[in-house]
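Some notes on the structure that comes next.
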Amino acid sequence: MTTSKKSLVYLTGFMGSGKTTLAPILANTLGFAHTDTDREVERIAGKTVSEVFRDHGEEYFREIEHRVLEQVSKEHHRVVSLGGGTITRPANLSIMKATGITVYLRADAESIFNRMKNKNDRPVLQDSTGERLSETDLRKRINDILVSREPFYNQADIIIDTDDRRVGLTVDSIVHALHGRIE
Ligand code: S3P
């Protein structure tokens with residue numbers, strides 16, 4: 001890991017870990033701008049993430065997501081909230097390592113299940129026809145994906161536990177952990 005200071009902060013973590021909620025608040029606290037990669041993908045594709053998955057498949061989504069990350073990595077003084085799967089592409093992880101400080105918002109499988117069980121806008125947590133999974137299958141899907149992604153998430157520079165913590169406290173912890181590491 002390089003010790004030089006960076007001016008991009010990447011927020012990674014599973015769906016429902018709070019990246020999109022925390023990012024603008026963190027950005028505001030640091031005096032940084034904010035980009036959410038899913039919203040950028042939607043802007044470029046002209047459709048929602050669910051529609052991109054439905055109409056073109058996950059591979060296409062991952063290609064646009066990669067291009068968005070490449071672009072935003074050239075910026076400075078910005079908090080970037082990533083999709084939950086962005087970090088699992090080696091090329092994406094390299095970009096993140098080279099250009100910013102990555103913060104993993106860690107949540108356990110049960111909290112994720114509780115935050116996701118009533119949502120229907122996460123294609124990777126649905127069946128192949130876009131239908132909601134049973135609670136048993138959803139629990140298993142979350143667990144399986146979380147286990148397969150943890151080796152990637154754990155490569156973050158900073159790990160913050162988000163379970164049962166108020167947003168303000170989590171932001172304070174992130175700001176504290178970033179101290180001296182960003183310019
Ligand atoms: C995904 C997470 C989503 C979005 C897409 C795929 C994933 O973002 O990028 O549905 O593979 O974990 P959030 O983590 O913001 O929900």
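Just so you know, all these numbers are worked out from the coordinates, no wet-lab data involved. This is a predicted model, so every value here is computed, not measured. A quick note on method: Cβ atoms are made from the backbone with ideal geometry, for glycine too, and the neighbour counts reach across all protein chains shown.
Ranked by how many other Cβ atoms sit within 10 Å of their own Cβ, fewest first, the residues Y104, Y153 fall in the order Y153, Y104.
Between the amide H of I159 and those of Y104, distances stay under 5 Å, these residues lying 5 or more places away or on another chain, with hydrogens modeled in the peptide plane.
Per-residue extension of 0.36 nm, minus the Cα-Cα distance of E131 and D164, leaves a gain of 9.0 nm for this segment.
Simple spin-label estimate for E59 and K119 gives 2.7 nm between the two label positions (7 Å along the Cα-to-Cβ direction from each Cα). The charge dipole of region 8-176, taken about the Cα centre with unit charges on the Cβ atoms of Lys, Arg (+1) and Asp, Glu (-1), comes to about 200 debye, rounded to the nearest 20.
Fewest Cβ neighbours within 10 Å first, please rank D36, D164, D121 accordingly. Provide the component values of the computation, followed by the final result.
Details: D36 20, D164 8, D121 12.
Taking fewest neighbouring Cβ atoms as first place, the list is D164, D121, D36.
Using Cα-Cα distances under 8 Å and only pairs 6 or more residues apart, what relative contact order does the chain have, in percent?
Worked out over the chain, it gives 34 percent.
Restricting the calculation to Cα atoms, the chain shows an Rg/Rh of 0.95 when the hydrodynamic-style radius is the Kirkwood one. What is the sum of charges around D163, taking Lys and Arg as +1, Asp and Glu as -1, for the other residues whose C-beta is under 10 Å from the C-beta of D163? Result for the neighbourhood of D163: -2. Only helices enter this figure: runs of n ≥ 4 DSSP H residues, each worth -39500 (n - 2.57), summed and divided by the residues of the chain, yield -15500 deg cm²/dmol at 222 nm to the nearest 500. Summing charges over neighbours of S17, with a neighbour being any other residue whose Cβ is under 9 Å away from its Cβ, gives +3 when K and R count +1 and D and E count -1. Less than 5 angstrom separates the built amide H of D36 from those of S81, all sequence-distant by 5 or more or on a different chain.
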